[in-house]
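Data block below; observations after.
The values are calculated or read from the model by the stated rules, or taken from the named source; none is laboratory data. Everything quoted here is computed from the prediction, not taken from an experiment. Please note: Cβ atoms are built from the backbone with ideal geometry, for glycine as well, and neighbour counts cover all protein chains shown.
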């Protein structure tokens, strides 16, 4: 890979193929690989004071493409805008560097997808607490004027303090008229967690689309499958638009609320505030600490790949996630309209983990 040059203050950012020499993004020393995929590589890094960070560095080939640079700038802007208690806060970034990068606080914990793979469906109590935490997170995100547009199990980090929503690579301001399609005409998103309007009326997508995704995420967490399950992303897309959600296996007391979240028309869905109010009515109180530190400890990796060990590919894999991760590799999980063209396979679309690759997957 070509040298990574920093244009800011601090040590010159360099990339070396061999091990044993320090590498930097800006003034942050890269220590090990958290994830590698479509848009870039995410590293565990340290600041001068020893603060642990997750730093995403865009692949060299993408840094030369204006569309990818624009998407990365958009991701940085959105992540900065929503930085708070329910996201991985942005510490620093240089989207104009020769190899663009962004640093966020490192958040230790698995994704909801990883947790589900190891532990199976969540208990009813955990589901209610997770739903309350995600509704609160969406309320916080929407208050900044941002629509996430790609909420799914692999974009939810679980911590003892509550869930954190990550990956703002395809988010945009709610008042923007920018089409969901990229310059190359690809519809970006993950079909089992996309709202009907994301397929039908891309320019009309607003906060209600994230509520639809929240409903799909909760069904997946409750049953291990999505409410619109199929081996084909195209069939999933048809079902999302035309068919009723399959809520078999969802706790009965949550079915009415999730049915409203999965309404075909955006105006028929509850707001995050209404979701939290309804959950409070179901129980006198709920503790949003659905997952204890001891439960999440099992996902902490004993060893990570040192810097220089990764073999990034152009269109497959996952770019890791802000704050953390328990694996150095994950397959791509966003659909781009190219079928199974990422070289990794797709698995069942209802799993929330394996999707056909896109032109750049973002996790910070």
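Observations on the structure shown:
- Candidate set from segment 58-77 (those that are farther than 30 Å from residue 134 by Cβ and outside any helix (DSSP H, G or I)); member that is nearest to the chain's Cα centre (by Cα): 59
- Only one of 265, 244, 252 that is under 25 Å from residue 146 (Cα atoms) and either surrounded by fewer than 22 Cβ atoms within 10 Å (Cβ to Cβ) or modelled with pLDDT of 95 or more (or both): 265
- Qualifying residue in segment 78-95 (condition: part of a helix (DSSP H, G or I), at pLDDT 90 or above and in the same structural domain as residue 220 (by TED's automatic domain parsing)): no
- Residue match in segment 114-121 (condition: over 16 Å from the mean Cα position of the chain (by Cα), assigned to a strand (DSSP E or B), surrounded by fewer than 22 Cβ atoms within 10 Å (Cβ to Cβ) and touching a residue at least 40 places away in the same chain (Cβ under 8 Å)): no
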